[in-house]
Amino acid sequence: MSHSDFDLASELIARALRELAAGFSLPEGPARGVPGVERMREVLAEAAARMGDNYPYFHPLYAGQMLKPPHPVAHAAYSMAMAVNPNNHARDGGRASSAMEMEAVREIAGMFGWSEFLGHLTSGGTFANLEALWVAGRMMPGKRIGASAQAHYTHPRISAVLGLEFAEIAADARGRMDMGALEERLQQGNVGTVVVTLGTTALGAVDPLADVLELRKRYGFRVHVDAAYGGYFTLAGNLGSEARRAFDALGEADSIVIDPHKHGLQPYGCGCVLFRDPAVGRLYKHDSPYTYFTSSELHLGEISLECSRAGAAAVALWTTQRLLPLVRGGEFAAGLEAGREAALDLHRRLRQSEYAIAPLEPELDIVVWAMRGATVEESSARARAVFEYAAQRDLHLALVQMPVEMFEGEPWKEAGASRAGGMVTCVRSVLMKPEHRLWMDEIWTRLEGAMWKAAEKSGQRP
Ligand SMILES: *Cc1c(COP(=O)(O)O)cnc(C)c1O
């Protein structure tokens, strides 16, 4: 998304709104009038000015957190549909958009090889995970939810909301769920569900799903895959062999969460939850006294914990998938592949840099590295300095706390590691935009400048 993408989106929106209006032929009643257009322009200009106080998330030099600009066609479709403002709770509130949601969700499920399933969109990944774990709790009453120490921070909290005990499983030095630790936990008993993360939020690490499924045969538990971030990478043709093996096993999971508003080119809020066994639909059973009158067909509110949901989100997703089908070898997949190439490129450069410690080979499109320094404190301070100096050069990165064990062999492993709580502040870059690959020389020039300055400032250039 660039300034010209904004222009493109507004042109598309204007045209789509005219087409939408033409679809409703209703009598012109007494005019409500639109008072104060001038005042609307004024307050909008004020709002636009306020919005300038943001990092430029849409620009390739924004390479920090998980923020990916919506595709112009998603932007346009959302705005167009919002003029009708449908509610996908029930067909009464969103007839066309409910049908479009079912079609779009079927295409997402198709990526994982599912044709018979139950699923729908949600306001985001957290709510989608809540639903999956709510179902898991109903299926495995009184049993624990297990997830790795690198799983999304909301899993322990969701478990608490649901009144389910949570068991943290240790992660290995590459940020993936440790299979030895998992098996030990399973032997202690009472684990009902294991949350497997394909694409952790911090590192983009891919838990070994196929190995977890092997353990399921022996211990019998539900497998929920949190692929909120990484799910779409199943379409990428350039994954490493271990990640590929995990993604190829996705169809065997009991439930999957994937976020179209992360890698699916959608505006917030658009998450998605899928269940392999459609029969879990019976758990939702309720009869809304208000909304289910006009159709004998399924209302999405009958299989969703949320009531009102934006129909516009479904329309945006449907339209985007129409333009960019979810297929291997397609244009959408090429965008994911480009981001991963950018990450591998950045990682190669960091490995050769005298300033960085970069043992963590990216599994998706996220790069995390520590800065060289005599102690953990010094390394952390330098990471913070790199973040600042890069921002001064218009390159926007992120920071993340990582266990020092991930940087084994560093002289500071012992020195000060426990003082810092066993964690070191690292620099993190999420290279979600396809343009990042072509911008890598530019990104690197700015990053190297920032790393040089951080080392110079502390008077300890290596
Ligand atoms: C982002 C993310 C979530 C939370 O999703 P939201 O859409 O932000 O609510 C959950 N799990 C993982 C792995 C994520 O990356």
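Check whether at least one residue in region 74-86 is assigned to a strand (DSSP E or B) and either more than 16 Å from the ligand (Cβ to nearest atom) or in contact (Cβ under 8 Å) with a residue 40 or more places away in the chain (or both), and report yes or no.
Let us first name the residues in region 74-86 that are assigned to a strand (DSSP E or B), namely none.
The answer is no; no qualifying residue exists.
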Subset of region 30-51, residues open to solvent by 60 Å² or more (accessible area, probe 1.4 Å) and part of a loop (DSSP other than H, G, I, E, B), comes to P30, A31, R32, V34, P35
Can you say whether G110 is open to solvent by 30 Å² or more (accessible area, probe 1.4 Å), of a type outside the set (V, I, T), assigned to a loop (DSSP other than H, G, I, E, B) and away from the ligand (no atom under 16 Å from the Cβ), as far as the supplied structure shows? no
From the options L164, L198, L182, residue that is touching a Phe, Trp or Tyr at 6+ places or on another chain (Cβ under 7 Å), in the same structural domain as G230 (by TED's automatic domain parsing) and either buried (at least 16 other Cβ atoms within 10 Å of the Cβ) or not aromatic (F, W, Y) (or both): L198
Can you find a residue that is under 22 Å from the mean Cα position of the chain (by Cα), touching a residue at least 12 places away in the same chain (Cβ under 8 Å) and within 15 Å of L215 (Cβ to Cβ) anywhere in region 150-159? no
Please go through region 114-129 and pick out each residue that is buried (at least 24 other Cβ atoms within 10 Å of the Cβ) and more than 7 Å from the ligand (Cβ to nearest atom). G119, H120, L121, T122, A128
Selection within region 188-224 - farther than 23 Å from V430 by Cα and among the acidic types (D, E): D211, E214
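One line per residue, one yes/no per condition, for (1) away from the ligand (no atom under 14 Å from the Cβ); (2) without any contact (Cβ under 8 Å) to a residue 60 or more places away in the chain:
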position	(1), (2)
Y229	no, no
Y232	no, no
N238	yes, no
S241	yes, yes
R244	yes, yes
F247	yes, yes
P260	no, no
H263	no, no
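The values are calculated or read from the model by the stated rules, or taken from the named source; none is laboratory data. No experiment lies behind these values; they were computed from the predicted model shown. Glycine also receives a Cβ, built like all others from the backbone with ideal geometry; neighbour counts cover every protein chain displayed. Just the protein is used for accessible areas: all its heavy atoms, side chains included, with ligands, DNA and RNA removed. Shrake-Rupley method; radii C 1.70, N 1.55, O 1.52, S 1.80 Å.
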